[in-house]
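In what follows, a structure is listed as structure tokens, so that the remarks can point back to it.
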Amino acid sequence: MKRGFYTIMSAQFCSSLADNALFVAAVELLRTNGSPEWQRAALVPMFALFYVVLAPFVGAFADAMPKGKVMFVSNAIKVVGCLMMLFGSHPLIAYAVVGLGAAAYSPAKYGILTELLPASQLVKANGWIEGLTIASIILGVLLGGQLVGPNISHWLLSVDVPLLDTGIDTAAEAAIATLIAVYLAAAWFNTRIPHTGVEMRAMPGNPLALLPDFWSCNNRLWRDKLGQISLATTTLFWGAGGNLKFIVLAWAAAALSYNTTQASALTGVVAIGTAVGAVVASMRMRLDMATKVIPLGIAMGVLLILMVFIKSIWIAIPFLILLGGLGGYLVVPMNALLQHRGHNLMGAGRSIAVQNFNEQAAILGLGAFYSLSLKMGLSVFGAITVFGLVVAGVMWLIRRWHISNCTRYSEEVEHLLHIARHDHHH
């Protein structure tokens, strides 16, 4: 690999590590401020907000200047969000600003790989990115839990800055201040990313001109038979999985009386299960078998419901590994099918933008639904049960729809093959 690749990986790891640690610190900040449970749950959809709103524009923004500069600006936005959180802004608003930085960061981190590396190394490079992302999720959540824990937070709060009253008085605030340093480290790596020499494409004078093409691509993927089944499945998976990190925190507090530090470790357990499931799926599954994993989505919803009955940590750990494993096994072949169809229909870049939009919209919608359930008076266990029923129910509907369309789709494929053979004969 080129030297610049390892700089990109270092920047990506630091930025993602801080993102996941900051989530735990923000949950703890809201808890110590006495905010209601529904506001803590709302952190997840608030982070996804700008992913959805800016989906048609972030790809063009990433192509308008060097990718390293885009990533640097994105990390600077995340630092601004942290400072807002420390100095008076509502944590939900500040966390949305951090989400704005993450939304701008996403297309740049993938796009620069195609500029820097030959096609023969792209699969390996994407494997590195996904592996480091999973590692950063696990380690980030654990780091956040430790930073707000009594041991490290006591040491952080004992540090005095001469002639300056920082106003940092709680464990959560000390953790957020520490994570600013991690974002700054990521920003430093961004400045070391080499310019790839690829010609920049200027943003259109009227950014709204990007909307028709984006909606056209979105509609094209949803109208395609295999595109819609894979897009629906991955969208629902990420909608559920994106909110699962808070659901596990809330469940651990309610069922096991865990504090934020202890509960954060269980979120890492789910990520480990997802990684194992993804590896097994990559070894066992083929593209033509992808739609056979849909029932695993129903099982995920059922397991979420069963989670409310678990009161022992020794049952919880293998249960959460299984829950994550089913998700990893489900999403790998479905992602591959979706990328295959998207590449054929509109090109890889546009299909990834459409995929990100739909997945983040699902995180936003399901997160808002879960938060609203708590705000309306449901207990944590009640909200998790309803959430699990929705996931299982929608996955069941997707499966029924797929079965009812299988025969008709097979006939369409046979018709297309017949036309192709006829053209070849002539």
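The values are calculated or read from the model by the stated rules, or taken from the named source; none is laboratory data. Worth saying up front: this structure is predicted, and the values here are computed from it rather than measured. When we count neighbours, we look across all protein chains shown, and the Cβ atoms used for this are built from the backbone with ideal geometry, even at glycine. In case anyone asks, the SASA skips ligands and DNA or RNA and just uses the protein heavy atoms, side chains included. Shrake-Rupley method; radii C 1.70, N 1.55, O 1.52, S 1.80 Å.
Note on the range 176-246: with charges restricted to the Cβ of Lys and Arg (+1) and Asp and Glu (-1), its dipole about the Cα centre is near 140 debye.
Could you rank the peptides 308-319, 141-152 by their average count of other C-beta atoms within 10 Å per residue, with the highest value first?
Values: 308-319: 13.2, 141-152: 21.5.
Packing order, densest peptide first, comes out as 141-152, 308-319.
Where only protein heavy atoms count, and the probe is 1.4 Å, what is the accessible area per residue for the range 1-63 in Å²?
Working: 2080 Å² over 63 residues.
Result: 33 Å² of accessible area for each residue.
Is the C-alpha gyration tensor of the range 230-308 telling us rounded, prolate or oblate? Criteria: a/c under 1.5 is rounded; beyond that, a/b larger than b/c is prolate, otherwise oblate. Since a/c reaches 1.5 and a/b is larger than b/c, the shape of the range 230-308 is classed as prolate.
Solvent-accessible surface (1.4 Å probe) assigned to K109 amounts to roughly 30 Å².
Prolate is the label for the range 1-133, because the ratio a/c of its alpha-carbon gyration tensor axes (a ≥ b ≥ c) is 1.5 or higher and a/b is greater than b/c.
So how do H195, H90 rank on accessible area, 1.4 Å probe, biggest first, that is with the largest at the start?
Details: H195 120, H90 80 Å².
Ranked list, largest accessible area first: H195, H90.
Taking 23 Å as the limit for the C-alpha separation, the pairs K67/K124; K124/K245; K245/K311 exceed it in the case of K124/K245.
Which sequence of T191, T234 reflects their accessible areas, 1.4 Å probe, from the largest down? Provide the component values of the computation, followed by the final result.
Details: T191 80, T234 0 Å².
Heavy-atom accessible area, descending, gives T191, T234.
For the range 37-102, the square roots of the Cα gyration tensor eigenvalues, ordered a ≥ b ≥ c, give a/c of at least 1.5 with a/b no greater than b/c, which places it in the oblate category.
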